[in-house]
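What follows draws every value from the coordinates through simple rules; no lab data is involved. This one's a predicted model, so the numbers in the text were calculated from it and none came from an experiment. So basically every Cβ, Gly included, is an ideal-geometry build from the backbone, and we count neighbours across all protein chains shown.
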Amino acid sequence: MTWQEVEKYLESRKAIIIPVGSIEQHSLALPLGTDSYIAEKIALEIGSRTFTIVVPCIKFGLSMVPHMAFTGTVTLRPETLQKLIEDTVRSLYLHGFRQFLMVNAHGLNEASIICAFQNLCFELPGVSYYSVAWWDIKKVQSLRTVYFSSSGHATSEEVSMMLYLYEKMVKKEHFSKHHPPYNYFTSLEKTRSYTSTGVINGDQGEADKELGRQLFNEAVQGYIQMLNDLISGGG
Ligand SMILES: [Zn+2]
């Protein structure tokens with residue numbers, strides 16, 4: 001879009017969508033950019049169904065423990081991500097945006113997003129936001145409970161999503177099983193003795209492309225509801 005198109009948009013609408021992902025290990029089967037690819041796709045779909053502007057995805061997230069134990073992971077410090085979000089929102093607010101929908105595809109990011117908006121709500125009158133990780137949306141949770149025996153990092157629901165969105169990037173021959181829960185992963189040094197692949201809390205064997213389509217659509221629907229609530233002031 002040009003600046004003039006954004007200015008025109010602001011005459012009738014003050015809402016905007018900000019996807020946040022990560023560049024971190026996602027097992028031997030999924031690419032490092034998995035979270036960013038998913039966040040961006042969901043955000044763009046919400047945007048196209050609701051005629052809402054989508055900010056380019058914030059692709060780096062909080063990925064220190066345990067993900068930095070695996071090569072290629074890039075992590076921001078919590079305060080860096082927080083400031084990046086704050087400055088992005090401050091800029092957009094100055095132009096007239098007021099409602100911010102955060103589409104988050106990486107659990108650890110939530111801490112920085114919340115801290116950012118706690119600050120922003122102090123200084124920016126009239127700002128409102130909603131932030132949730134896609135897998136925490138109610139109907140997505142229901143699907144996960146029905147179809148997946150466990151749920152963790154790079155496990156079946158994320159793999160299903162990637163099978164639906166970017167099947168060619170998924171290395172099915174590298175699916176792996178039986179990985180210990182999150183509470184094993186308290187230090188960087190020990191991480192690889194608990195998981196050699198990077199999968200945490202579960203496995204990848206229940207992944208399914210059709211389920212990925214359902215997860216994607218329920219996530220998009222859930223976010224659209226939140227966006228509408230934000231705009232109507234009823235969220
Ligand atoms: Zn992920």
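Let me confirm something: among Lys209, Lys190, which residue is touching a residue at least 24 places away in the same chain (Cβ under 8 Å), closer than 22 Å to Leu32 by Cβ and of a type outside the set (Gly, Ala, Ser)?
Of Lys209, Lys190, the one residue that is touching a residue at least 24 places away in the same chain (Cβ under 8 Å), closer than 22 Å to Leu32 by Cβ and of a type outside the set (Gly, Ala, Ser) is Lys209.
Small (Gly, Ala, Ser), away from the ligand (no atom under 16 Å from the Cβ) and closer than 24 Å to Gln221 by Cα: is that true of Ser22 in this structure?
No.
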Matching residues in the stretch 142-177 (away from the ligand (no atom under 16 Å from the Cβ) and crowded, with 18+ Cβ neighbours inside 10 Å) number 1
Counting only residues that are part of a loop (DSSP other than H, G, I, E, B) and either under 20 Å from Leu108 (Cα atoms) or of a type outside the set (S, T, N, Q) (or both), the stretch 177-196 contains a total of 11
Within the bounds of the stretch 59-79, is there any residue that is more than 15 Å from the ligand (Cβ to nearest atom), crowded, with 22+ Cβ neighbours inside 10 Å and part of a helix (DSSP H, G or I)?
-> no
Here the residues within the stretch 1-41 that are in a loop (DSSP other than H, G, I, E, B), touching a residue at least 12 places away in the same chain (Cβ under 8 Å) and farther than 17 Å from Val132 by Cα are Met1, Leu10, Arg13, Lys14, Glu24, Gln25, Ser27, Leu28, Ala29, Pro31, Leu32, Gly33
Can you work out which of the residues in the stretch 119-134 that are touching a residue at least 40 places away in the same chain (Cβ under 8 Å) and within 16 Å of the ligand (Cβ to nearest atom) is surrounded by the most Cβ atoms within 10 Å (Cβ to Cβ)?
-> Trp134
Starting from residues that are within 18 Å of the chain's Cα centre (by Cα) and among the hydroxyl-bearing types (Ser, Thr, Tyr), keep the ones in the stretch 143-167 and report whichever is nearest to Val199 (Cα to Cα).
-> Thr155
Residue set Ala105, Ala116; condition surrounded by 21 or more Cβ atoms within 10 Å (Cβ to Cβ), among the small types (Gly, Ala, Ser) and more than 16 Å from the ligand (Cβ to nearest atom); output residue Ala116
Breaking point among (1) within 13 Å of the ligand (Cβ to nearest atom); (2) more than 14 Å from His153 (Cα to Cα); (3) out of contact with any Leu (no Cβ under 7 Å at 6 or more places or on another chain), for Arg49 = (1)
